[in-house]
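S.K.: Handing you this structure, nothing more for now.
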Amino acid sequence: MARVIVDVMLKPEILDPQGQAIVGACGRLGFSGVEQVRQGKRFEVEIDGEADEARLEEVRRLAETLLANPVIEDFELRVAE
């Protein structure tokens, strides 16, 4: 069994109101120097067998179809160690 991590983030040109709210809260809570925060999602997908190219392509299609909105989000895959 293998675990594939899918990290999903808003594209840089998309406004991130949750990230902006976190930046605002940082100052109020005494965390100085925080200039920007971008929020995202992390998915851990466990697959049968090894994470070969064919299986990674399946997870990539899963991410494009279900886990991320490709219009406003980018995603990256990596195999967990």
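The values are calculated or read from the model by the stated rules, or taken from the named source; none is laboratory data. This one's a predicted model, so the numbers in the text were calculated from it and none came from an experiment. Reconstructed Cβ throughout: ideal geometry from the backbone, glycine too, with neighbour counts over all protein chains shown. Accessible surface areas use protein heavy atoms only, side chains included; no ligands, DNA or RNA. Shrake-Rupley method; radii C 1.70, N 1.55, O 1.52, S 1.80 Å.
S.K.: Tally the residues that are touching an Asp or Glu at 6+ places or on another chain (Cβ under 9 Å), farther than 13 Å from Leu10 by Cα and not aromatic (Phe, Trp, Tyr), restricting the search to segment 37-62.
M.R.: Count: 2.
S.K.: How many residues does segment 1-31 contain that are surrounded by 15 or more Cβ atoms within 10 Å (Cβ to Cβ), touching a residue at least 60 places away in the same chain (Cβ under 8 Å) and over 14 Å from the mean Cα position of the chain (by Cα)?
M.R.: Within segment 1-31, residues that are surrounded by 15 or more Cβ atoms within 10 Å (Cβ to Cβ), touching a residue at least 60 places away in the same chain (Cβ under 8 Å) and over 14 Å from the mean Cα position of the chain (by Cα) number 1.
S.K.: Got a sec? Which of Val45, Val34 is modelled with pLDDT of 95 or more and surrounded by 15 or more Cβ atoms within 10 Å (Cβ to Cβ)?
M.R.: Answer to the selection: Val45.
S.K.: List every residue pair whose Cβ atoms lie under 8 Å apart, where the two residues are 6 or more positions apart in sequence or sit on different chains, the first residue falls within segment 69-81 and is farther than 19 Å from Asp16 by Cα, and the second residue, located anywhere, is open to solvent by 70 Å² or more (accessible area, probe 1.4 Å) and in a strand (DSSP E or B).
M.R.: Every condition considered, the pairs that remain are Val79/Arg3; Ala80/Arg3; Ala80/Glu44.
S.K.: Can you pull out the residues in segment 63-73 that are under 12 Å from Met9 (Cα atoms) and of a type in the set (D, E, K, R)?
M.R.: Once the filter is applied, which keeps residues that are under 12 Å from Met9 (Cα atoms) and of a type in the set (D, E, K, R), segment 63-73 yields only Glu73.
S.K.: Related question: Among the residues of segment 2-51, write down those that are under 17 Å from Ala68 (Cβ atoms) and of a type in the set (Asp, Glu).
M.R.: Within segment 2-51, Asp7, Glu13, Asp16, Glu44 qualify.
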